[in-house]
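Just so it is clear, none of the values below were taken in a lab; they were calculated from the coordinates. What you see is a predicted model, and the numbers here were worked out from it, not measured in a lab. Please note: Cβ atoms are built from the backbone with ideal geometry, for glycine as well, and neighbour counts cover all protein chains shown.
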């Protein structure tokens, strides 16, 4: 009966259609494991997934278990290894450009782990000074970034702040580590970072920062974002390169182009390129994307973006030169929706969770 149910479940999962896409199941860690984050290695060999943590429904006083880091082979979706776990839900992960390093993070504990893909070992465990990793402007991503060369890691913690009768979290300390030595390079208190990105050479760290002001009117509290800036630091020393105003943009992603020597701040209806050396505006980018973005990835040729809406129902390819968009995939309905997606470096494949199952999606399939 169990095998029959598994067969029916997988058949239901793969029966939905998406424009120009083929779904392949990834061999699950256990039948009821739900994955909350994914990453694909730039060499195309590996898919990594971070799972949900669980509490014992009977022994509620015990700490949670799980939060496993699972490694699959891209070809065939076969599970290769379970690297370890966080004992907390894993919300973020990223590979280095050489595909040898994987960094994972858990938002509820503020813990980050560095794994070697070569020998499947744990290299470092880092703990942010605050109890939480802050939510970004999307509310679902963690404010973390791994330098492409795998040498530096940046992450921002958060503190809980009471607001009226409830509470919220606000970004606090930004920490940058040297992954060769495992030591902290520098910290920045009260940084207000909403999203982080390294330049391709790993020498510069960029961030969208803001100050959130809470105001009370007639007994109700509302948040107002102020002092929005694009920040640039020397990744090794923390020396500030520039602070550029970002008037009213609230960008959800920073996409760095080494060819253009600029960083694209994506904010839906107003997208702007900033010069990497001076922080001055290079040009406005005519990309009409009115919904919040869950994913925004650029290919290695730096001429295309693949963006996935926050609702994870539609994907679009964007031509960077003129902003022209085309539909890369459409996942309509609850069973088709792909969540927590990761995009391959050639923008041809995504990995994500669909109907609570890990899947691999070939976007170029006929």
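Entry note: region 136-248 has Rg to Rh equal to 1.03, where both radii use alpha-carbon atoms and Rh is the Kirkwood radius. Above 16 Å lies some portion of the pair distances; for region 25-127, what is it as a whole percent of all C-alpha pairs? Considering region 25-127, 54 percent of its Cα-Cα pairs are separated by more than 16 Å. The mean sequence separation of alpha-carbon pairs under 8 Å and at least six residues apart, normalised by the residue count of region 246-296, gives a relative contact order of 28 percent.
A Förster radius of 35 Å combined with the Cβ-Cβ distance from residue 181 to residue 240 puts the calculated FRET efficiency at roughly 0.90. The slack between residue 215 and residue 98, meaning 0.36 nm per residue of separation minus the straight C-alpha distance, is 37.4 nm. Structural descriptor for region 25-127: relative contact order 22 percent, calculated from alpha carbon pairs under 8 angstrom and at least 6 residues apart.
Ranked by the mean number of other Cβ atoms within 10 Å of their residues, highest first, the peptides 293-299, 202-208, 183-189 fall in the order 202-208, 293-299, 183-189. Shape analysis of region 261-326 based on the Cα gyration tensor places the equivalent ellipsoid semi-axes at 20, 13, 10 Å, largest first. Short-range pairs are left out: with C-alpha atoms under 8 Å and at least six residues apart, the relative contact order of region 136-248 is 20 percent.
Coordinate range of the alpha-carbon atoms in region 193-281 per principal axis, descending: 51, 31, 17 Å. A simple spin-label model places pseudo-atoms 7 Å from Cα toward Cβ; at residue 125 and residue 310 they are separated by 3.4 nm.
Among 349-356, 224-231, 209-216, the peptide with the highest mean count of other Cβ atoms within 10 Å heads the list, and the full ranking is 349-356, 224-231, 209-216. Annotation: peptides 146-157, 97-108, 244-255, ranked by per-residue average of other Cβ atoms within 10 Å with the highest first, follow the order 146-157, 97-108, 244-255.
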